[in-house]
Amino acid sequence: MKSKWIIAAALGAGLAAPSLAQDKVKLVDVVELSGAGATAGTNWKNGIDLAVADINAKGGILGRQIEIVHYDTQTNPGNTRAAVQRAIDEGTYAVLGPVFSGPIGASMQISQRAEIAQFVGGEAAGLTKQGNQYLFRTSLSQAAAMPKIANYLKNTVKAGSVAVVWVNNDFGKGGRDAIIPELEKAGIKVAADVATEQGQADFAADAIKIKNSNADAIFVYLNEEESARFLRAAKQQGINKPMVGETTLLGAKVIELAGDAANGVKGHVGLSIDAPIPAFQEFGKKYQAKYNYASDHNGLKGYMAVYMIKWATEKQKKFDSKGVADTLRGATIKPSDEPGILMETTIESNGDLDRESFLAEVINGKQVINATLPKIKP
Amino acid sequence: MAEFIAYLIAGIATGAIYALAAIGFTLVWQTSQTINFAQGEFVMLPAVLVLLAIKLFGAPIWLGALIGIAAFILIFGVGFKVAVVDPMIRHGVLPLAIATMALSIIMKEGAKDGFSAEAQNFPSFVPTQTISVFGASISLQHIAIIVVAFAVIGLLQWFVGGTRLGRQMQATAQNPTVARILGIPVERMVLLTFVINAALAVVASVLISPIYLAKFSNGEVIGLFAFIAAIVGGFNQVRGALVGGLVVGIVDSMAAAYISSSYRLAVPLVLLVVIILLKPEGLMGRKEERRV
């Protein structure tokens with residue numbers, strides 16, 4: 001008698017399983033949770049988890065709960081390719097991540113072939129110039145940010161010469177190749193062009209080289225941990241020229257790691273929990289409460305990526321992987337339509353984004369927003 | 001000239017750290033005739049343990065440092081000898097070398113999973129200011145590294161050459177059988193060597209972590225450069241490790257300054273190849289002959 005009950009229970013569970021699976025939509029996040037990209041990747045992952053928890057608490061997407069899976073790429077392009085393939089084989093609805101441009105470049109063709117939308121944190125200008133209709137940024141491209149920085153260096157910092165220090169990976173090389181023509185266009189001399197390595201620990205020699213270039217300002221384009229180490233090395237060498245950077249340099253993690261050395265750093269910021277937008281600040285509070293530290297821009301990017309998927313799915317009123325990409329291209333998502341998007345975002349046909357951005361400065365260990373810059377195509 | 005002095009001082013500071021780690025290589029080599037491939041992780045871990053103690057026990061920095069350092073010396077000085085070296089050495093030096101490779105991975109992954117995959121701030125005991133030397137701005141942190149590292153190495157040299165215990169240690173390293181006949185407690189001397197190695201790693205860790213930040217992967221570069229330093233200077237001489245560390249540190253700094261940071265890893269490796277070809281025993285090493 002007991003065995004009959006067990007068989008009946010097992011059959012019941014087996015019959016119920018498909019309906020449970022249908023109640024969920026699977027998203028796979030392929031991200032840098034260790035290696036050189038661990039800081040950026042951890043923020044991105046946490047942002048995604050926060051969005052998934054919020055959406056699931058409100059009933060999910062079209063009534064289906066999100067099942068999120070994270071795979072650590074160890075900031076390795078080979079591992080990233082394998083993880084993206086695994087995500088597709090496992091039937092992910094869309095691919096989230098990675099954040100570093102190099103691994104994105106190495107893996108984006110896989111989701112393109114599978115016609116599945118991939119939402120990435122990378123900023124390298126070249127990523128969206130390859131005709132991939134399934135790749136979507138969650139941050140501004142270098143091509144959009146660098147003219148604003150050159151303009152800032154010329155008109156606000158009043159720099160006649162600039163030393164450029166960059167990290168020799170796809171992100172840094174892309175940034176370096178984008179800023180130098182913009183500086184030259186603005187009539188600013190490049191006093192030093194210093195390449196550094198991803199994961200580099202000792203920046204003393206680079207800081208000395210930059211100090212001796214006697215540039216009016218220094219443009220720093222490194223990843224998070226390297227940015228902090230460079231700022232510390234620059235302080236050790238007594239560099240007192242304005243340090244200007246793009247989003248990463250003014251990120252919360254860089255400020256935390258660099259300590260006093262981050263004070264006075266200025267630059268352009270794509271996303272910030274300190275921006276004068278209540279939804280950003282609300283996100284910042286939620287993130288702080290859950291993870292006990294302040295989110296950087298990558299946390300916001302991860303959060304918004306999930307809401308881009310939600311908006312597209314609800315717009316097409318069905319779960320259609322290919323349709324997500326088709327719906328997003330050329331769309332403008334407004335917070336009035338989808339509050340989780342946090343700020344009005346236009347998605348270009350090539351996957352680039354256009355939205356407002358900010359000029360910021362680090363004062364007493366806090367990022368302070370000085371001005372809001374409009375969208376490129378308002 | 002001022003620029004050159006600044007690069008030189010930065011190189012000597014980095015080289016002093018490599019020297020501390022390289023001395024660890026030579027100490028282990030002298031007592032067990034093997035290479036500790038976890039030496040880089042030995043320098044990485046004390047800083048992580050200090051931060052972990054602060055986090056777990058809510059301890060102030062000084063207490064966290066005390067707990068972390070004591071735990072490290074106990075586990076990776078005494079424990080390393082008892083749990084890894086003693087059981088493996090009877091099977092030859094190769095199994096022991098492989099065991100240290102495994103230990104290196106365990107330490108790295110343990111630090112990543114048990115602490116954090118992200119870099120963390122490590123407090124500095126000197127202010128981040130500069131002083132002017134012949135027109136060059138020199139960081140107080142670099143000066144502190146040089147002074148402390150040289151003081152520790154000087155102390156070690158005095159201990160090894162100028163004290164009864166140190167001479168017993170030397171005798172044990174040179175010929176354990178004869179040392180035992182002479183009544184020297186060989187096992188205790190070998191244990192002391194491993195404790196000294198752990199203590200040197202602690203000093204290197206505390207000095208370098210405010211600059212490199214505390215991170216599980218820090219040992220990779222430090223271990224590699226210290227290994228090169230030990231070979232360049234001479235694997236069987238403590239003063240060889242010192243010279244090798246300084247040479248590699250200066251070459252590293254000059255390569256980053258006058259060639260590019262992208263090639264800074266390659267240049268010491270080229271130096272290593274040149275030394276192996278021209279003076280295989282290292283700059284300060286002595287030739288060893290073994291009967292097969």
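Tabulated data
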| quantity | calculated |
| --- | --- |
| Flag for A:Phe358 being modelled with pLDDT under 95, on the phi < 0 side of the Ramachandran plot and aromatic (Phe, Trp, Tyr) | yes |
| Condition met for A:Asn214 (of a type outside the set (D, E, K, R) and touching a residue at least 60 places away in the same chain (Cβ under 8 Å)) | no |
| Top-ranked residue of the stretch A:245-256 - restricted to ones that are among the hydrophobic types (A, V, I, L, M, F, W, C) and surrounded by 24 or more Cβ atoms within 10 Å (Cβ to Cβ), ranked as farthest from B:Ser261 (Cα to Cα) | A:Ala252 |
| Test: A:Gln85 is assigned by TED's automatic domain parsing to the domain that holds A:Ser107 and at positive phi | no |
| Set A:Leu231, A:Leu222: member being surrounded by 24 or more Cβ atoms within 10 Å (Cβ to Cβ), among the aliphatic types (A, V, I, L, M), within 14 Å of chain B (Cβ to nearest Cβ) and touching a Ser or Thr at 6+ places or on another chain (Cβ under 8 Å) | A:Leu222 |
| Residue match in the stretch A:298-309 (condition: of a type in the set (Gly, Ala, Ser), surrounded by 18 or more Cβ atoms within 10 Å (Cβ to Cβ) and touching a strand residue (DSSP E or B) at 6+ places or on another chain (Cβ under 6 Å)) | yes |
| Residues within the stretch A:173-187 that are surrounded by fewer than 24 Cβ atoms within 10 Å (Cβ to Cβ) and at negative phi, tallied | 10 |
| Residue among B:Ile73, B:Ile89 that alone is in contact (Cβ under 8 Å) with a residue 40 or more places away in the chain and touching a Leu at 6+ places or on another chain (Cβ under 7 Å) | B:Ile89 |
| Boolean, A:Arg176 is within 11 Å of chain B (Cβ to nearest Cβ) and outside any loop (DSSP other than H, G, I, E, B) | no |
| The stretch B:77-109: number of residues that are surrounded by fewer than 19 Cβ atoms within 10 Å (Cβ to Cβ) and either more than 14 Å from every other protein chain (Cβ to nearest Cβ) or under 30 Å from A:Ala261 (Cβ atoms) (or both) | 18 |
| The stretch A:312-343, subset under 19 Å from A:Leu140 (Cβ atoms), in contact with a strand residue (DSSP E or B) (Cβ under 8 Å, 6 or more places away or on another chain) and in contact (Cβ under 8 Å) with a residue 24 or more places away in the chain, residue surrounded by the fewest Cβ atoms within 10 Å (Cβ to Cβ) | A:Arg329 |
| Residue that is farthest from B:Val43 (Cα to Cα) [pool: residues in the stretch A:201-219 that are aliphatic (A, V, I, L, M) and either at the interface with chain B (Cβ under 9 Å from one of its Cβ atoms) or in contact with a helix residue (DSSP H, G or I) (Cβ under 9 Å, 6 or more places away or on another chain) (or both)] | A:Ala217 |
| B:Met254, sole failed condition from (1) buried (at least 24 other Cβ atoms within 10 Å of the Cβ); (2) within 11 Å of chain A (Cβ to nearest Cβ) | (1) |
| Check on B:Gly183, away from chain A (no Cβ under 12 Å), over 23 Å from B:Lys108 (Cβ atoms), touching a Gly at 6+ places or on another chain (Cβ under 7 Å) and in a loop (DSSP other than H, G, I, E, B) | no |
| Test set (1) within 16 Å of the chain's Cα centre (by Cα); (2) surrounded by fewer than 22 Cβ atoms within 10 Å (Cβ to Cβ) - A:Gly264 fails condition number | (1) |
| Options B:Arg239, B:Arg264; residue that is at pLDDT below 95 and more than 13 Å from chain A (Cβ to nearest Cβ) | B:Arg239 |
| Any hit, the stretch A:288-298, residues being away from every other protein chain (no Cβ under 14 Å), within 27 Å of A:Ala124 (Cα to Cα) and in contact (Cβ under 8 Å) with a residue 24 or more places away in the chain | yes |
| Complete set of residues in the stretch A:138-167 that are over 27 Å from A:Gln200 (Cα atoms) and surrounded by fewer than 24 Cβ atoms within 10 Å (Cβ to Cβ) | A:Ala144, A:Pro147, A:Lys148, A:Asn151, A:Tyr152, A:Lys154, A:Asn155, A:Thr156, A:Val157, A:Lys158, A:Gly160 |
| Lone unmet requirement of (1) outside any helix (DSSP H, G or I); (2) over 18 Å from the mean Cα position of the chain (by Cα) for B:Met284 | (2) |
| Count - residues of the stretch A:321-378 that are farther than 30 Å from A:Val25 by Cβ and assigned to a loop (DSSP other than H, G, I, E, B) | 8 |
| Residue check, A:Thr92 more than 14 Å from every other protein chain (Cβ to nearest Cβ), buried (at least 24 other Cβ atoms within 10 Å of the Cβ), hydroxyl-bearing (Ser, Thr, Tyr) and out of contact with any helix residue (DSSP H, G or I) (no Cβ under 8 Å at 6 or more places or on another chain) | yes |
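One line per residue, one yes/no per condition, for (1) aromatic (Phe, Trp, Tyr); (2) in the same structural domain as A:Ala233 (by TED's automatic domain parsing); (3) at pLDDT 95 or above:
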site: A:Tyr152; (1), (2), (3): yes, yes, no
site: A:Thr156; (1), (2), (3): no, yes, no
site: A:Trp166; (1), (2), (3): yes, yes, yes
site: A:Asp170; (1), (2), (3): no, yes, no
site: A:Lys173; (1), (2), (3): no, yes, no
site: A:Lys189; (1), (2), (3): no, yes, yes
site: A:Phe203; (1), (2), (3): yes, yes, no
site: A:Ser213; (1), (2), (3): no, yes, no
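For every residue, the table says whether it meets (1) within 16 Å of B:Gly79 (Cβ to Cβ); (2) more than 14 Å from chain A (Cβ to nearest Cβ).
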{"position": "B:Thr172", "(1), (2)": "no, yes"}
{"position": "B:Val178", "(1), (2)": "no, yes"}
{"position": "B:Ala199", "(1), (2)": "yes, yes"}
{"position": "B:Leu207", "(1), (2)": "no, no"}
{"position": "B:Gly219", "(1), (2)": "no, no"}
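One line per residue, one yes/no per condition, for (1) in a helix (DSSP H, G or I); (2) out of contact with any strand residue (DSSP E or B) (no Cβ under 7 Å at 6 or more places or on another chain); (3) facing chain B (nearest Cβ under 9 Å); (4) touching a residue at least 24 places away in the same chain (Cβ under 8 Å):
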site	(1), (2), (3), (4)
A:Val162	no, no, no, yes
A:Gly187	no, yes, no, yes
A:Ala191	no, no, no, yes
A:Ser227	yes, no, no, yes
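The values are calculated or read from the model by the stated rules, or taken from the named source; none is laboratory data. These numbers come from a predicted model, not from an experiment. Backbone-built Cβ (ideal geometry, glycine too); neighbour counts: all protein chains shown.
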